[in-house]
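Following: one structure in C-alpha cells, then a few remarks.
Taken together, the values in this text are just the output of simple stated rules run on the coordinates, not laboratory data. What you are looking at is a predicted structure, and each value in this text was computed from that prediction instead of being measured. Don't worry about glycine lacking a Cβ; one is built from the backbone with ideal geometry, like all the others, and counts go over all protein chains shown.
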Amino acid sequence: MADSRVTGYADALFAVAAAEGDLATVEDELFRLAQTLRSDEQLGSTLADQGVPASRRQQVVEDLLGGKASATTTALVSMVVGAGRAAELPAIVDALVERSAASRNKAVATVRSAVDLTARGAASAQADKILQGTQHQPVADAVQAFLLQAPR
C-alpha cells in the first residue's frame with residue numbers, strides 16, 4: 001500500500017487530469033514516464049537531485065516532455081518535480097493508475113512473459129478477446145492454444 005503522501009499526490013494528479021477532461025491521456029503518458037524513470041537511473045537521479053535548483057529540474061521536464069506529452073501531463077510532472085518528489089514519481093503514478101482503474105471498476109494487472117507476445121498474431125488476439133470477456137473459453141484451453149502457436 002502506498003504511503004499517505006504518495007496517495008495524496010496521486011489523488012491530486014487524478015483530480016486535475018479528470019477536471020481537465022484528459023484523464024486517459026494523462027494516465028497513459030504518466031505511466032510511460034514512470035517506466036522510463038524506472039529504466040533510466042540517470043534521468044531519475046537528475047530529476048530527484050535536491051542539489052540541482054528546482055527550476056533547472058523543471059526545465060529538464062519541459063525539455064523532455066514539451067511537445068511530446070499533453071500540457072496537463074507536463075504541468076503535473078513539473079509540479080511534482082518542483083515539489084521535490086521526483087524520486088516518488090513512479091510510486092505516485094502507480095497509485096494514480098490504480099485510482100483511475102478503480103474509478104472504472106477495473107483492476108491493474110502486470111503481465112510478464114519469458115517470450116515476446118507481440119509476435120503471436122491470431123493467438124494473441126484470441127487471448128485478448130478472452131481476457132476482455134468477449135469470447136468465453138476455459139483459461140486452460142486458451143493458454144494451450146496460445147502456447148501451441150508459439151514460435152519455436
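Given their separation in residues at 0.36 nm each and the Cα-Cα distance between them, ARG112 and LEU64 gain 14.5 nm when the chain is fully extended.
Placing unit charges on the Cβ atoms only, positive for Lys and Arg and negative for Asp and Glu, gives the stretch 4-103 a dipole magnitude near 220 debye about its Cα centre. Evaluating 6.51 cos²θ - 1.76 cosθ + 1.60 at θ = phi - 60° for every residue in the stretch 41-57, the Karplus couplings come out as 4, 5, 5, x, 6, 5, 5, 8, 5, 5, x, 8, x, 3, 4, 6, 5 Hz, glycine and proline recorded as x. Each residue of the stretch 64-76 was assigned a 3J(HN,Hα) from its phi angle through the Karplus curve 6.51 cos²θ - 1.76 cosθ + 1.60 (θ = phi - 60°); the sequence is 6, 9, x, x, 9, 10, 5, 4, 5, 4, 4, 5, 5 Hz, with glycine and proline shown as x. When the stretch 4-103 is described by a simple charge dipole with +1 on each Lys and Arg Cβ and -1 on each Asp and Glu Cβ, the residue from ALA19, SER70, ALA91 located farthest towards its positive end is ALA91. The HN-Hα couplings worked out from phi for the stretch 91-108 by the Karplus form 6.51 cos²θ - 1.76 cosθ + 1.60 (θ = phi - 60°) are 5, 4, 5, 4, 5, 5, 4, 5, 4, 5, 4, 4, 5, 9, 6, 10, 10, 9 Hz, whole numbers, x standing for Gly and Pro.
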